Amino acid sequence: MTATAADLLCELVTQSLLAWRVSGEVRHAGGGAILVSGECREIAVKPAPPGLPFRWLVTVDDRERPAISVVAVLRQVREALDPGYAMERVRVAAFPLVPT
């Protein structure tokens, strides 16, 4: 991950915390990683090693989970820092057309 990409991810997470109205601090940790500190948790987001099918590793409470996209990183950060966040999953499936 380049320094520019790490800067953009850091700024995106910072602005996301503001939008979610969740208190926290985001800072660089070196090597393209960022640390997100909330009221009760610290989250590390670092680039995945080359050759893996995902882009980041997100560590919350000593549990490391992969994140394939920026959206996945943001979802994991919000789940960890926002206790009132109610995640909703959407399933899209094809159904036969209904005659009118």
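The values are calculated or read from the model by the stated rules, or taken from the named source; none is laboratory data. In this text the structure is predicted, and so the values were computed from the model without any measurement. Glycine also receives a Cβ, built like all others from the backbone with ideal geometry; neighbour counts cover every protein chain displayed.
Quick notes
- Odd one out for residue 51, checked against (1) assigned to a helix (DSSP H, G or I); (2) loosely packed, with under 15 Cβ neighbours inside 10 Å; (3) among the small types (Gly, Ala, Ser): (1)
- Residue 39 in contact with a Ser or Thr (Cβ under 9 Å, 6 or more places away or on another chain), on the phi < 0 side of the Ramachandran plot and exposed (fewer than 13 other Cβ atoms within 10 Å of the Cβ): yes
- Residue within the range 84-97 that is in contact with a Phe, Trp or Tyr (Cβ under 8 Å, 6 or more places away or on another chain), surrounded by 14 or more Cβ atoms within 10 Å (Cβ to Cβ) and at pLDDT 75 or above present: no
- Among the candidates 6, 44, the residue that is surrounded by 11 or more Cβ atoms within 10 Å (Cβ to Cβ) and assigned to a helix (DSSP H, G or I) is uniquely 6.
- Here the condition is being touching a residue at least 24 places away in the same chain (Cβ under 8 Å) and more than 10 Å from the chain's Cα centre (by Cα); of 51, 24, it holds for 24 alone.
- Among the candidates 14, 59, residue that is assigned to a strand (DSSP E or B), within 17 Å of residue 80 (Cα to Cα) and not small (Gly, Ala, Ser): 59
- Restricting attention to the range 57-77, the residues that are among the polar types (S, T, N, Q) and surrounded by fewer than 14 Cβ atoms within 10 Å (Cβ to Cβ) add up to 1.
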